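The structure under discussion appears below in the form of structure tokens.
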Amino acid sequence: MRAQKSADLFAPDAPQRTAQAVPLAPVPPHRSAAPAAAPPARCAELWLGVRVLADAEQPHAAQKILPALRRLATLAQRLTPRVALAPPDGLLLEVKGSLHLFGGADGLRGEMDAACAHCGLRGTLALAPTPLAALSAARAGRPLVVLDSAQLIGRLSPLPLTALRWPPGLLDRLACIGVRTIGQALRLPRAGFAHRFGAAQLKDLDRLTGHASDPRERFEGRMRFRRRRELSFELASRTALLGELGPLLGELERFLAARQCGVLTLECRLWHRGRPPSRTVLRLAAPLADAARLAQLLGERLGTLSLPAPVHACELRSGLPVPRGLSSGELWQPGEHGGSAAAGSLELIERLRARLGSEAVHGLACVQDHRPEAAWGATEPGACPGEGSGACRGVASRPLWLLPSPRRLTERGRLPRYRGGLRLASEPERIETGGWDGAEVARDYYIGLDTHGRRLWLFRERNPPHHWYLHGVFG
Amino acid sequence: MRVFCSSFPVSADLSEYGEALPPREDRPQELARLLAHPAIWRAGRAARMPVWPSGFPALDKGLPGGGWPQAGLIEVLPSRLGVGELSLLMPALAAVTRRPGARWCAWVAPVLQPFAPALEACGVVLDRLLIVQAHRSGVRPLSLWAFEQTLGCGACDIAFAWAREPRPRQIRRLHLAAQRGSTLGVLFRSRREAGEASQALLRVAVEPLEGGVRVTLLKSRGGARGPIELKWAAQGKCVEQA
């Protein structure tokens, strides 16, 4: 209950009590031995503070640290949705909820260490119930793990005040009165401290111990993926180009996996020397995040692309990531034992579209219109309303094949001819409509038999000059 | 006894059974059990295979197995484009698309525009149709490539394709792809190419009749010989399914 009492002392409405030289916080004896088994976190929030240092082996590492930190923040979004940047060298993650998902504090630190290594950084990690405490411990180079808010002040006390990054002149003045650690600063009277060293510093101490709220701006990564890669030499072979795109696709896959999203469009640009870049856009039927399948589709696309010159750089730009429905794999192959073909069917459409163009693969739908050329439409495959739409029910016999546009027939004695004489085999069916949109038709349709025994769908214009046209084949 | 084994991945080498054969009095039953395997076709009898009913009882009687095969390539050779070869397949197409859980029914490189109202009037569920305009680029191998992808991916029940002068090697590839994807591939070819060798399961010549078609099985595994005459149903071109 001592911690509860100290919380009262720290309440912002009780500064008058601190005037009587009451210590800012009672300091329990420091316990150095960590508990053997990781206990559950007993705090409202748990923050993982990361202080990164550039790997000294890499050239110009110091300039690259902020981009690397942003990359690290993007990777860290896999561990928790609440990630905040603390420039110039810090990163904060709220991990209370994800602690048990990644094997406790040790597992989480392992994940974060691997992420740091991937970004070419060395990181110091500390876990504490408040963001500033976690960050200060990490900046002091102490890998603290504090899972209980009651222990926070005791564990923070030995840390040097320099970890708070206060102005050097202020730290010198504090050192003059013998205050060098956080614990010593917390023992000072509040009113005097605010008066002599500034209200902002008192606020910092309150945030450090969790007695003042410390909202952190949430890090938002880039919405779209965009990455360019310079090739080490110019390439003209498509296979080699696809190989060079592999790492970019791998990055795209990780980018999408962190967001649990897929892409619907992916643009690939290939840069030539002294010419405008060639670009090709992949459009997908369903959100996709699999690098291998994207590489396969991109390979089909590149196969149809003609390159004017060798390529010296390539770039991938994704469309907006779309949430991807995660599904389980099928036990059965499609078609056997009732295994459904849902996944394979989209894969087929994408592969065909990658090679033939997106408009080359479509579905069919009926449109309620009496004009034959307007009575059907191309749709997205599988998007047509199923059986029972009844759009075309009740029509007289229609041919299975329709000509793209009516074909003018020659005539002899007012009867049509098509590679020989035609015999009319039906009563006329009049279609006269469409006056409202400028595509008015006035036709008499007949079924005709040609010399090869085919049934054709013919019409004669009602308006002069009464030409005959072929419009369909019954097949 | 002549035993033909189709290209199913099963071992049907009868000589291996020489040692393991049971006592003499049990042999007929054992042999009958062995020969009941669907991959074994004994010439002189109709082959057994999973089929889609064609919708014409007279044709079903003549076709090996009683319908169009569910997996494999067949060829339809009409005397002219549009003499009734498509109407011949419409009842089967309609029945397949109306099945619950039906896969795609693809039309690869159709020569003209398939007319949706007529298809729906035949009972075809348009939702399951996939039209692939592969000849748009004017490159012939691309339509065969698209056909092979469609057959081999296992996402289609039926795939129609129109090709001009495919080579026997390409037909063999298509047939293997159709078996891999358990898809019925229907290749429409000109009647003039009937003399060429082909690996297809079934080759069907189609000629027009007044109000129907005359179908001749040029090649089949134990199917009917001689022409089969079919009449369209009175109302339209398609036979209504029960």
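Each reported figure results from applying straightforward, stated rules to the coordinates on display, with no laboratory input. Worth saying up front: this structure is predicted, and the values here are computed from it rather than measured. Cβ sites come from the backbone with ideal geometry, for glycine too, and all protein chains shown count toward neighbours.
When each of the peptides A:151-157, B:212-218 is scored by how many other beta carbons lie within 10 Å of its residues on average, the order from highest to lowest is A:151-157, B:212-218. Amide H contacts of residue B:131: A:362, A:363, B:107, each under 5 Å away and 5 or more positions distant or on a separate chain (H built 1.01 Å from N in the peptide plane; Pro and chain starts excluded). Counts of other chain beta carbons within 10 angstrom of each beta carbon in peptide B:101-110 average 3.
Each Lys or Arg adds one and each Asp or Glu subtracts one; over the other residues with Cβ under 15 Å from the Cβ of residue A:303, this totals +3. For region A:261-326, applying the loop criterion from DSSP together with a ceiling of 10 other beta carbons within 10 Å to the GluC sites (Glu not before Pro) yields no site.
Each of the peptides B:121-132, B:196-207, B:37-48, A:81-92 was scored by the mean count of other Cβ atoms within 10 Å over its residues; in descending order, highest first, they stand as B:121-132, B:196-207, A:81-92, B:37-48. Backbone amide hydrogens, once placed in the peptide plane, bring residue A:219 within less than 5 Å of A:83, A:84, A:85, excluding anything fewer than 5 places away on its chain. Amide H contacts of residue A:95 (H built 1.01 Å from N, in plane; Pro and chain starts excluded): A:46, A:47, A:48 sit under 5 Å, all sequence-distant by 5 or more or on other chains.
Note on residue A:463 and residue B:45: the model spin-label points, each 7 Å out from Cα along the C-beta direction, lie 6.8 nm apart. Within region B:51-231, DSSP assigns beta bridges of which about 35% are antiparallel (rounded to the nearest 5). Other residues whose C-beta falls under 13 angstrom from the C-beta of residue B:216 contribute a net charge of +1, scoring Lys and Arg +1 and Asp and Glu -1. The residues packed around residue A:124, meaning those with a beta-carbon under 13 Å from its beta-carbon, carry a net charge of +3 if Lys and Arg are +1 and Asp and Glu are -1. Per residue of B:205-211, other chain Cβ atoms within 10 Å of the residue Cβ number 2 on average. How many Cβ atoms of partner chains, on average, are near each residue of A:349-358 if near means within 10 Å of its Cβ? Whole-number average of other-chain Cβ neighbours for A:349-358 is 4. Given their separation in residues at 0.36 nm each and the Cα-Cα distance between them, residue A:172 and residue A:367 gain 61.9 nm when the chain is fully extended. Panel order for A:436, A:468, by other beta carbons found within 10 Å of each beta carbon, from fewest to most: A:436, A:468.
Arranged from fewest to most other beta-carbon atoms within 10 Å of their beta carbon, A:181, A:265, A:239 become A:239, A:265, A:181.
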